[in-house]
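One structure below.
The values are calculated or read from the model by the stated rules, or taken from the named source; none is laboratory data. The model shown is predicted, which means the values in this text are computed figures rather than measured ones. Virtual Cβ from ideal backbone geometry, glycine too; neighbours counted across all protein chains shown. All accessible areas refer to the heavy atoms of the entire protein, side chains included, with ligands and DNA or RNA removed. Shrake-Rupley method; radii C 1.70, N 1.55, O 1.52, S 1.80 Å.
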Amino acid sequence: MYLSLIKILIFILFFIIAKFLIYALIFRDDIKAACKRDPAAKSFWEVALLYQGIHALAHYRGAHFFYRMRFYFLARLISQFSRLITGIEIHPGATIGRHLFIDHGMGVVVGETAIIGNDVLLYQEVTLGGTGLEKGKRHPTIGNNVVIGGGAKILGNITIGDNSYIGSNAVVIKDVPPNSTVVGVPGRITKQEGKKMEVSLDHMHILDPIMQAMQELEERIKKLEKK
């Protein structure tokens with residue numbers, strides 16, 4: 001009896017190791033991208049074995065393959081299993097580009113018709129959701145090199161332009177042009193001097209257009225008082 005139990009445990013351990021070796025081989029570019037973007041990452045193998053964002057992305061790739069083959073039930077079964085073990089829900093019908101990094105990841109939701117470009121960074125509790133019961137394209141399209149902060153909600157068939165930066169807890173329901181920063185509820189757009197946004201989440205330097213307007217108004221009042 002004990003010998004059989006040991007054999008079962010060895011088989012399970014071998015299966016787990018083989019699974020992660022396959023992950024590391026197939027998704028090595030995604031893993032390397034995560035290593036570059038996360039200062040807490042200590043090694044390639046730490047990311048491959050322990051980062052739920054990588055595991056969720058790997059499960060999505062498999063589920064998306066079956067979804068495109070019209071094995072819808074199997075695709076959803078894989079995605080729901082992934083949600084159970086990672087806390088990240090990616091519909092198998094979504095379209096995801098290269099080098100997506102989901103940091104922390106708990107509570108992330110990506111809808112069926114969402115499109116995510118290359119080199120995108122998502123933080124925890126991000127929602128790429130729909131706004132109604134209509135059929136067809138009803139989820140956001142995210143451009144390349146976009147950063148979406150924790151808790152942000154991007155809703156409806158809208159487009160977030162390349163190199164844009166969505167602040168934490170922002171609610172975005174309108175298109176966002178490239179090279180923009182969006183903050184607040186509802187989301188307000190401010191340009192970062194038309195420059196490409198770096199892939200980071202530097203809260204200290206996010207520009208709020210309302211605060212900018214208030215500061216400009218305060219400066220004008222001071223000048224008028226001096227006169």
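In the stretch 66-137, what trypsin sites (Lys or Arg not before Pro) fall in a loop by DSSP, with at most 13 other Cβ atoms inside 10 Å?
Loop-located and lightly packed - 70, 98, 135.
Once the whole set of protein chains is in place, how much accessible area is left on residue 162, using a 1.4 Å probe, in Å² to the nearest 10?
60
Can you pull the semi-axes for the stretch 81-163, root of five times each eigenvalue of the Cα gyration tensor, sorted largest first, whole Å?
The equivalent ellipsoid of the stretch 81-163 has semi-axes of 17, 16, 11 Å.
From largest accessible area down, sort 122, 9; use a 1.4 Å probe on the protein chains.
9, 122
If you count only protein heavy atoms and use a 1.4 Å probe, how large is the accessible surface of residue 89, to the nearest 10 Å²?
Here the accessible area works out near 60 Å².
Taking 7 Å along the Cα-to-C-beta vector as the label spot, tell me the residue 223-residue 36 distance in nanometres, rounded to one decimal.
It works out to 4.4 nm between the two label points.
List nothing, just return the count: lysine pairs in the stretch 42-191, 8 or more apart or interchain, with Cα separation under 23 Å.
Lysine pairs meeting both conditions in the stretch 42-191 amount to 7.
May I ask you to work out the translational diffusion coefficient for the stretch 12-168 at 20 °C, viscosity 1.002 mPa s, via Stokes-Einstein with Rh from the Kirkwood sum over Cα pairs, reported in whole µm²/s?
The Stokes-Einstein estimate is 137 µm²/s.
R0 = 30 Å: FRET efficiency of residue 6 with residue 46, Cβ-based, nearest 0.05?
0.60
If you roll a 1.4 Å probe over the stretch 63-136 with all protein chains in place, what percent of the accessible area is carbon or sulfur?
Carbon and sulfur atoms account for 62 percent of the accessible area of the stretch 63-136.
For the residue pair residue 137 and residue 174, what label-to-label distance in nm results when each label sits 7 Å from Cα along the Cα-to-beta-carbon direction?
2.0
How large is the direction-averaged shadow of the alpha-carbon convex hull of the stretch 70-123, in nm²?
Average of the hull's projected areas for the stretch 70-123 equals 3.7 nm².
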